[in-house]
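The next block holds one structure in the form of structure tokens; read it before the comments.
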Amino acid sequence: LSARANWAVDLDVPTLGSFDETGETADWLLLIGEGGFDMRYQRTLRALVKTLKKAGLKVALLGAAETDCGDLARRLGDEAGFQRLAHQLINTLQRRRFQHIVTADPHVLHTVKNEYPTLGAQFDVWHHSQLLAKLLDEGRLQAAPGQRLPTVTYHDPCYLGRYSREVQAPRRALKGIGIKVVEMERHAEAARCCGGGGGAPWTDIPGETRIPDIRMQDARATGAAVVAVACPQCTAMLEGVV
């Protein structure tokens, strides 16, 4: 495993090697993304792997072979950097044998699912909320009994809701385990950005009020106790201002 996947060292998740060298296959390949270096996101990834294994899914990682998908480079206008990084990861993926890709990072989802096809690479890519909702619908996952769950408002990540047009799966997953979801005024495809879009966390954007502060005001107005997010970047942006 590389430092990106150190969080999985005790979870018994196989690393998928090159097919021409090992002949290994996997049903679900988990792409981690750059958030794998963040300890907050690592807890999410650990919970996801445990949940998918509980449902009986065979999940594998790329380990040290996983590299940057190129999302940030393209958002900041470095098209040459994006092309280089994208082709590097595409080459790695094409040398592996798997049925589906799953990721908890909407930026990885959008880049690999919606942008790689223009480079000649087609993959079946799922956001983790889509997979969790499906497993709940099929009865392969069930809510633990006797939980006292808080009222939640759900923040739609731009790269999931706007770019990939997925707004129902996260809500189905939350409601599927008995969580009551109250909506912010701006939600689904009309949701307000967390402030992290377009490479904003790495740039200096002038202004008197930060975008994540505005979004958290939207959340407070619902009266919900918890804000649920479906993107590591949104987590960092919104958690950083409360």
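The values are calculated or read from the model by the stated rules, or taken from the named source; none is laboratory data. What you are looking at is a predicted structure, and each value in this text was computed from that prediction instead of being measured. Ideal geometry is used to build each Cβ from the backbone, glycine not excepted, and the neighbour counts take in all protein chains shown. Accessible surface is based on the protein model in full, side chains and every heavy atom, while ligands, DNA and RNA are left aside. Shrake-Rupley method; radii C 1.70, N 1.55, O 1.52, S 1.80 Å.
Among the candidates Cys194, Cys234, which residue alone is crowded, with 21+ Cβ neighbours inside 10 Å and part of a loop (DSSP other than H, G, I, E, B)?
Cys194
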Original post:
Of the residues that sit in region 66-84 and are touching a Phe, Trp or Tyr at 6+ places or on another chain (Cβ under 9 Å) and among the aliphatic types (A, V, I, L, M), which one is nearest to Thr103 (Cα to Cα)?
Top reply: Leu72
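Conditions tested, residue by residue: (1) open to solvent by 30 Å² or more (accessible area, probe 1.4 Å); (2) in contact with a helix residue (DSSP H, G or I) (Cβ under 7 Å, 6 or more places away or on another chain); (3) of a type in the set (Phe, Trp, Tyr).
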site	(1), (2), (3)
Ala5	no, yes, no
Asp12	yes, no, no
Asp20	yes, no, no
Glu24	yes, no, no
Leu29	no, no, no
Gly77	yes, no, no
Gln88	yes, no, no
Val102	no, yes, no
**OP:** Name every residue in region 104-116 that is open to solvent by 40 Å² or more (accessible area, probe 1.4 Å) and more than 12 Å from Tyr163 (Cα to Cα), in order of residue number.
**Re:** none
**OP:** Just need a number here: residues in region 31-74 that are touching a Cys at 6+ places or on another chain (Cβ under 8 Å) and either at pLDDT below 95 or assigned to a loop (DSSP other than H, G, I, E, B) (or both).
**Re:** 1
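Out of everything in region 144-173 that is more than 25 Å from Thr111 (Cα to Cα), surrounded by 13 or more Cβ atoms within 10 Å (Cβ to Cβ) and hydrophobic (A, V, I, L, M, F, W, C), what residue ends up being modelled with the highest pLDDT? If you could, list the steps in order and put the result at the bottom.
Filtering region 144-173 for residues more than 25 Å from Thr111 (Cα to Cα) gives 144-153.
From what's left, surrounded by 13 or more Cβ atoms within 10 Å (Cβ to Cβ): 149, 151-153.
Retained after the next criterion (residues that are hydrophobic (A, V, I, L, M, F, W, C)): 149, 152.
Details: Leu149: 84, Val152: 97.
Ranking the candidates gives Val152 first.
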Original post:
Is there a residue in region 39-52 that is touching a Lys or Arg at 6+ places or on another chain (Cβ under 8 Å) and surrounded by fewer than 22 Cβ atoms within 10 Å (Cβ to Cβ)?
Top reply: no
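Just to be sure I understand, how many residues within region 197-231 are part of a loop (DSSP other than H, G, I, E, B) and crowded, with 19+ Cβ neighbours inside 10 Å?
First pass over region 197-231, keeping only residues part of a loop (DSSP other than H, G, I, E, B): 203-210, 221-225, 229-231.
Filter once more, keeping what is crowded, with 19+ Cβ neighbours inside 10 Å: 224, 229-231.
Here the count works out to 4.
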